[in-house]
Amino acid sequence: MCRHLAYVGPPVPLARLLTEPPHSLYEQSWRPARQRHGTVNADGFGVGWYPVELPEGPEGSRGHAEGRGEGAAGDDAGFPFPARYRRAVPIWADANFTELARAVRSGAVLAAVRSATEGTTQDESAAAPFRDGRWLFSHNGAVADWTRLPVGDLTAQQMLAMESRSDSALLWAMLAARLRRGEAPSAAMAAVIRQVAAHRPGARLNFLLTDGRTITASAFGDTLWYRTGPGHVVVASEPDDAPGPWQEVPDRSLLVATEYGVRIIPLRPERGTDR
Ligand code: GLN
């Protein structure tokens, strides 16, 4: 993905985050202002959102079987499962998305517009967000020669469960495996970045991850910004022109954000907790 965005806060229509503001993610698909690699993001798009809480019950907010049980990363008790809408076409070519974005409201959203890396799948399976249980994930960047990247202790089952043939889906499999083991999102993200960078020093690894409550992101080779307001936070590859002060995240750092605040953690170069 080449530009992505996540939001946590009071429920808002998706359009207010993604299409309405000047220079929103929608516009960034054909006219990104700060993107370091690529020119347009026309190879698909996707949005994942956590449905506004429904009353408890069999048809309640828990989603369907695919998002539950064995396949799900981490302890999912009490978390609503996200829905996704992903397409292989440019975001501006899908008039239905504009309709949907006006009508759907959510208090936690992760969206991306894609500029495909050479040698990856071009269909919608490679459009972020990727999902595992309650988690949504996006990757802005690229890993050279990714089909030969050493991936640590991933099992065949985890490899076969990859959503798509792409560097981003592989990185997500590596990260989700750690989340499933109960690692904290920021520790898991730092470990995957160190692990990949050790083998591919030129890899660009801007990750964006949420469980609907916390946003964890990395700045590692491309731009990352955030904006906080009363009870909400937006984390994005680049600012839109909506009112409110945006702050840039320094390269080689992690960001952990909730509606209550943002923490920036420098990524140390040594391998640290890598395993
Ligand atoms: N490598 C990822 C993909 O192909 C992300 C690409 C990007 O950030 N431009 O989807």
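Remarks
- Per-residue Karplus couplings for the stretch 153-161, computed as 6.51 cos²θ - 1.76 cosθ + 1.60 with θ equal to phi - 60°, are listed in order as 9, 5, 8, 4, 4, 5, 5, 5, 7 Hz, Gly and Pro entered as x.
- Share of carbon and sulfur in the accessible heavy-atom surface of the chain [1.4 Å probe, %]: 53 percent
- For the stretch 161-236, the relative contact order is 16 percent, taking Cα pairs closer than 8 Å that sit 6 or more residues apart in sequence and dividing their mean separation by the residue count.
- Estimated 222 nm signal from helices in the chain, with DSSP H stretches of n ≥ 4 weighted -39500 (n - 2.57), rounded to 500: -5500 deg cm²/dmol
- At least 30 Å along the helix axis (C-alpha) and Kyte average at least -1.0, DSSP helices within the chain: none
- Candidates Arg131, Arg165, Arg86, ranked by Gaussian network fluctuation over the chain, Cα under 10 Å, top entry: Arg165
- The separation of the stretch 148-195 from the stretch 81-96, counted between C-alpha centres, amounts to 25 Å.
- When +1 charges are put on Lys and Arg Cβ atoms and -1 charges on Asp and Glu Cβ atoms, the dipole computed for the stretch 183-275 relative to its Cα centre reaches about 440 debye.
- Length-normalised contact order for the chain - Cα pairs under 8 Å, 6+ apart - percent: 24 percent
- Placing a label point 7 Å from the Cα of Ile265 along the Cα-to-Cβ direction, the residues of the stretch 188-224 with a backbone N closer than 16 Å are 188-195, 207-211, 214-220.
- The chain gives an Rg/Rh value of 0.93, both radii derived from C-alpha positions and Rh following Kirkwood.
- Solvent exposure of the chain as accessible area per residue, Å², 1.4 Å probe: 43 Å²
The values are calculated or read from the model by the stated rules, or taken from the named source; none is laboratory data. As the structure is a prediction and not an experimental result, all values here were calculated from the model. Cβ: placed from backbone, ideal geometry, glycine included. Neighbour counts: every protein chain shown. Each accessible area value is taken on the protein alone, full model and side chains, heavy atoms only, with ligands, DNA and RNA left out. Shrake-Rupley method; radii C 1.70, N 1.55, O 1.52, S 1.80 Å.
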